[in-house]
Amino acid sequence: MILMLFLSFLLLVDIYAYQGVRFLIRPLNQGWGQALVITYWIVAAMSLFITFRFFSNFPESARSMGMRFLFTAVFILFVVKLLWGAFLLIDDLTRGLTWAGQKVTNTSTAGGINRKDFLVRSGALLGAGFGAALTYGVTVGSHHYKKHRHKLKVTGLPEKLRGLKIVQISDIHSGSFWNQKAVERGVEMILDEKPDVIFFTGDMVNNEAKELDPYEKLFSRIQAPLGVYAILGNHDYADYMPGLSPEERVEDVNRLLQAYDRMGWRVLLDENIRLTHNGESFHVIGVQNWSFKDRFPRYGNLSKAMVGVDPAKLNILLSHDPTHWKGEVLPTYPQIDVTFSGHTHGMQFGVETAHFKWSPVQYVYDQWAGFYSKGNQQLYVNRGFGYLGYPGRLGIRPEIAVFELESA
């Protein structure tokens, strides 16, 4: 029922956008005009069919790279038509108000009230331009990795830990990848840093553990002298696979954990580990997914993870969802110096310059990309290495975060 309502909405958008098509093809001769109209409706019909097949056969359709790309093309076309439709709606509202004013004043315009050429053409250009930008986001932006370098200043940092180099990656979403060579370049960028320790803050897969299979050997190359430490994100529990029993979900999580073992990455499941660098020790605490938002799970137990942690040491927490920092870390655990998170992806869309950053995700998450602090406690939200849903990135590039510890 929901799918049919959605398809009906898409059809209405097609019908409305067609009014703009009719306006633009007026100067063309009849043959060309008819050809463009037929092409428009063939593409519209194919888009509806692809959308129906994609959602009616989910998640199997999401596993097919061909189907994912077809649906991405449909999505981009839909955005183009939706933006164009917004301009057509403004034009229709303007004409409607003008018509109503003429009725009230008992005046009229010879030949009726025509569409405004500027609005229609501007809407078409804006829609086409944004569609081209979204296409760029898939073909280039999806794997246009960016290193974010930071001096991580910690109050009371021991002298022997100064200069410790950390690399953080997050939200790999291996089931979404479509260009393995590009992913290999991202891995090489990580290895080029030669960090002392590497953190991965969750969401290795989209839905199920087997998505990692084609990339397990590649990611096993990611190693560091002090180790690679990972946690689970909300997508790593097979919760988004319909029809699985609780036992099957546990089995899938265990399969993912076994893959981590083969890769040589240590998964921290509500536990901590003490590492030593230059003779000085510090704690890395890893907690399972814990979200302050009701639609995401709270599997983590930070109280359990903190057992044995020395508050006098440097304490680093890995927690996938940044809402955990404000919801539990700040009010309860002042001994945690730095929290590393991910989850938001920066929505894979936005504007980010040296002095300005914006994304629609900031209206959902108070902490969504980069550094945040309160008192002596800090949070870093990674923009993510991969992508989910829209197989690209526009404005918010995939991130490899590099930190060097300093004393505040």
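The values are calculated or read from the model by the stated rules, or taken from the named source; none is laboratory data. Please read all numbers here as calculations on a predicted model, not as lab measurements. Cβ: placed from backbone, ideal geometry, glycine included. Neighbour counts: every protein chain shown.
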Please work out if Ala312 is crowded, with 20+ Cβ neighbours inside 10 Å, over 26 Å from the mean Cα position of the chain (by Cα) and modelled with pLDDT of 95 or more.
no
How many residues does the range 1-42 contain that are within 30 Å of the chain's Cα centre (by Cα), assigned to a helix (DSSP H, G or I) and over 24 Å from Leu119 (Cα atoms)?
7
Any residue at all in the range 276-293 that is of a type in the set (Asp, Glu), in a helix (DSSP H, G or I) and closer than 21 Å to Tyr229 by Cβ?
no
Considering the range 363-408, residues that are polar (S, T, N, Q) and in a loop (DSSP other than H, G, I, E, B), and then whichever is nearest to Val183 (Cα to Cα), we arrive at Asn382
Give me the residue from the range 269-300 that is under 30 Å from Asp366 (Cβ atoms) and of a type in the set (S, T, N, Q) and, out of that set, surrounded by the most Cβ atoms within 10 Å (Cβ to Cβ).
Gln288
For the condition over 24 Å from Ile166 (Cα atoms), among the basic types (Lys, Arg) and at pLDDT 95 or above, what is the one hit in Arg274, Arg249, Arg185?
Arg249
For Tyr240, the lone unmet condition from (1) at pLDDT 95 or above; (2) within 25 Å of Pro322 (Cα to Cα); (3) of a type outside the set (S, T, N, Q) is (1)
All positions within the range 94-118 that are among the small types (Gly, Ala, Ser) and at pLDDT below 65
Ser108, Ala110, Gly111, Gly112
Pull up the range 161-179, narrow it to residues that are in contact with a helix residue (DSSP H, G or I) (Cβ under 7 Å, 6 or more places away or on another chain) and in a helix (DSSP H, G or I), then point me to the one that is surrounded by the fewest Cβ atoms within 10 Å (Cβ to Cβ).
Ser174
